[in-house]
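Student: Quick one: structure below, then a few questions.
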Amino acid sequence: MSAWQLRSGIHGSFERQIMKKLLIPVLIVASVVVVLFFRSGLRKLEPVAISNELHPPETADTPSKENVNRSFVDHVDMLKKRLASDPNDIQTLKTLAQWLMDAHKTEEAIVYFERGIHLEPKNDSLLLDLSVCYFQIHQYDSAMKVTERILKYHPDHRRALLNQGSIFAAQNKMTDAARVWSRLIKRSPETEEARQAGEYLAQVRKK
């Protein structure tokens, strides 16, 4: 059973909340450069207002830490019990990690993503989501190491390249960010990731 199938059967309204894409605006020194850091499931992109926040803005579609409801807690408990009986169930590990990540329990999510990666070291979906977790808690060096690992196994991974540029931007390494985004545009010009990279480059060049 896929993570999507597993999630879709649990309380539809809550499902719609947690399946929203993760958008992370990044503040660069005195200038604001807005980047999206993508998870393993790339959804349709929407305009993002410039923000001075270093964390995803809370909206009606994003569950806050205080508003994680009972159905979520019960489902997480069920997933943990399933893992207790089968610690190497990679799909359950991934699903649990993603639910914890959506609920802002980032450090706990990292534990389960890393367990999954120990079982499947080249799983780009797990690696990508792990890099997002590190980025979310501002551990940019760790996020970069995980992203570089994705690119080692999958050199043309468009989402990893897009995110790598975002990590450089978060570290105020704008030349490196521009280099990576330009490389992505050159390699995969007719893709959504390339379009997004072009928007980032335009922001950088205005600074």
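The values are calculated or read from the model by the stated rules, or taken from the named source; none is laboratory data. Keep in mind the model is a prediction, meaning the values are calculated, not measured. No Cβ is skipped: glycine too gets one built from the backbone with ideal geometry, and neighbour counts run over all protein chains shown.
Student: Name every residue in segment 118-167 that is under 23 Å from Thr191 (Cβ atoms), of a type in the set (Lys, Arg) and outside any loop (DSSP other than H, G, I, E, B), in order of residue number.
Tutor: Arg149, Lys152, Arg158, Arg159
Student: Somewhere in segment 175-187, is a residue of a type in the set (A, V, I, L, M), at pLDDT 95 or above and within 15 Å of the chain's Cα centre (by Cα)?
Tutor: Checked segment 175-187: no residue is of a type in the set (A, V, I, L, M), at pLDDT 95 or above and within 15 Å of the chain's Cα centre (by Cα).
Student: Here is a check on your reading of the model: is Ala194 in contact with a Ser or Thr (Cβ under 7 Å, 6 or more places away or on another chain), buried (at least 18 other Cβ atoms within 10 Å of the Cβ) and in contact (Cβ under 8 Å) with a residue 24 or more places away in the chain? If you could, list the steps in order and put the result at the bottom.
Tutor: Values: in contact with a Ser or Thr (Cβ under 7 Å, 6 or more places away or on another chain): yes; buried (at least 18 other Cβ atoms within 10 Å of the Cβ): yes; in contact (Cβ under 8 Å) with a residue 24 or more places away in the chain: yes.
Answer is yes for this residue.
Student: Residues of segment 182-199 being over 18 Å from Val132 (Cα atoms), part of a helix (DSSP H, G or I) and of a type outside the set (Lys, Arg), which ones? Step through it out loud before you land on a result.
Tutor: Just the residues of segment 182-199 that are over 18 Å from Val132 (Cα atoms), to begin with: 182-192, 194-195, 198-199.
From the residues that got through so far, the ones that are part of a helix (DSSP H, G or I) too are 182-187, 192, 194-195, 198-199.
The answer is Ser182, Leu184, Ile185, Glu192, Ala194, Gly198, Glu199.
Student: For Val132, only one of the following conditions fails: (1) more than 30 Å from Ala84 (Cβ to Cβ); (2) under 16 Å from the mean Cα position of the chain (by Cα). What is its number?
Tutor: (1)
Student: Give segment 168-178 a look and list any residue that's assigned to a helix (DSSP H, G or I) and farther than 15 Å from Glu148 by Cα, or say none. Talk me through it step by step, then tell me what you get.
Tutor: Residues of segment 168-178 that are assigned to a helix (DSSP H, G or I), as a first pass: 168-170, 174-178.
Scanning segment 168-178 gives Ala169, Ala170, Met174, Thr175, Ala178.
Student: Continuing with the same structure: Which of (1) within 24 Å of Asp86 (Cα to Cα); (2) buried (at least 24 other Cβ atoms within 10 Å of the Cβ) does Leu161 not meet, given it meets every other one?
Tutor: Against the list (1) within 24 Å of Asp86 (Cα to Cα); (2) buried (at least 24 other Cβ atoms within 10 Å of the Cβ), Leu161 comes up short only on (1).
Student: With the condition kept exactly as written, say whether any residue in segment 135-147 is touching a residue at least 60 places away in the same chain (Cβ under 8 Å) and buried (at least 16 other Cβ atoms within 10 Å of the Cβ).
Tutor: We begin by selecting, within segment 135-147, every residue touching a residue at least 60 places away in the same chain (Cβ under 8 Å); these are 135-136, 138.
If we keep only those that are buried (at least 16 other Cβ atoms within 10 Å of the Cβ) as well, we get 135-136.
Yes; the residues of segment 135-147 include at least one that is touching a residue at least 60 places away in the same chain (Cβ under 8 Å) and buried (at least 16 other Cβ atoms within 10 Å of the Cβ).
Student: A follow-up question, please. Taking Leu54, is it modelled with pLDDT of 90 or more and either touching a helix residue (DSSP H, G or I) at 6+ places or on another chain (Cβ under 7 Å) or not in a helix (DSSP H, G or I) (or both)? Quick ask: steps written out before the conclusion?
Tutor: On the way: modelled with pLDDT of 90 or more: no; either touching a helix residue (DSSP H, G or I) at 6+ places or on another chain (Cβ under 7 Å) or not in a helix (DSSP H, G or I) (or both): yes.
Considered against the rule, which asks whether it is modelled with pLDDT of 90 or more and either touching a helix residue (DSSP H, G or I) at 6+ places or on another chain (Cβ under 7 Å) or not in a helix (DSSP H, G or I) (or both), Leu54 comes out as no.
Student: State all residues of segment 61-78 that are outside any helix (DSSP H, G or I) and either within 20 Å of the chain's Cα centre (by Cα) or modelled with pLDDT of 80 or more (or both); if no residue qualifies, say none. Walk me through how you get there before you give the answer.
Tutor: Step one: list which residues in segment 61-78 are outside any helix (DSSP H, G or I), which gives 61-64, 68-69.
Once the filter is applied, which keeps residues that are outside any helix (DSSP H, G or I) and either within 20 Å of the chain's Cα centre (by Cα) or modelled with pLDDT of 80 or more (or both), segment 61-78 yields Asp61, Thr62, Pro63, Ser64, Val68.
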